[in-house]
1. Using the heavy atoms of the protein chains and a 1.4 angstrom probe, tell me the accessible area per residue for the chain in square angstrom.
2. Pop out the carbon and sulfur fraction of the accessible area of the chain as a percent, whole number, probe 1.4 Å.
3. Output the relative contact order of the chain, whole-number percent, from Cα pairs under 8 angstrom with separation of 6+ residues.
4. Would you mind telling me the antiparallel percentage of the DSSP bridges in the chain, rounded to 5?
5. Work out from phi, with θ = phi - 60° and the Karplus expression 6.51 cos²θ - 1.76 cosθ + 1.60, the ³J(HN,Hα) of each residue of the stretch 68-75, listed in order in whole Hz, and give x for Gly and Pro.
6. If I model a spin label as a point 7 Å beyond the Cα along the Cα-Cβ vector, how far apart are those points for Val107 and His62 in nm?
7. Suppose each label sits 7 Å from its Cα in the direction of the beta carbon; what would the Ser25-Lys87 distance come out to in nanometres?
8. Report P(r) for the chain: all Cα-Cα distances, bin width 5 Å, range 0 to the bin holding the largest distance, values in whole percent.
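The values are calculated or read from the model by the stated rules, or taken from the named source; none is laboratory data. This is a predicted model, so every value here is computed, not measured. Note: ideal-geometry Cβ built from the backbone for every residue, glycine included; neighbour counts use all protein chains shown. Please note that ligands, DNA and RNA were not included when accessible areas were found on the heavy atoms of the full protein model with its side chains. Shrake-Rupley method; radii C 1.70, N 1.55, O 1.52, S 1.80 Å.
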Amino acid sequence: QVQLVESGGALVQPGDSLRLSCAASGLRLTAYNEGWFRQAPGKEREFVAALNWSGLDTFYTHSVKGRFTVSRDNAKNTMYLQMNSLKPEDTAVYYCAAGSRGPVTTVGGYDYWGQGTPVTVFS
């Protein structure tokens, strides 16, 4: 049984940093593209960042470039999203996903999803 379990969401202030984790079981992340998406209240789920299966290519939505970094620890079979300089507009539930259907920037490119972890940024 495949499971993706996110953790690390919190209530923070603007300018703070957070690191989200996504621990995978039942699959090897090295065989899949991995992505992070977020969904704010009343909005559709949107792409945030992705790492291709090889770990060599990363992708980011424009609003997080230079602030967020996606990475993976192959030994721990865990992916991460390091979020720096957080802004109120980053407030959302963050989801990790794994898949092989591509493209990596779309919800449809993923087969497996975590349950989400909430991030709230407010002053």
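1. Counting only protein heavy atoms, the per-residue value for the chain is 50 Å².
2. 50
3. That works out to 35 percent.
4. 95
5. Here the 3J(HN,Hα) series is 10, 9, 9, 8, 8, 10, 5, 5 Hz.
6. 2.2
7. About 3.8 nm, to one decimal.
8. Going from the shortest bin to the longest, the percentages are 2, 12, 24, 27, 20, 10, 4, 1, 0.
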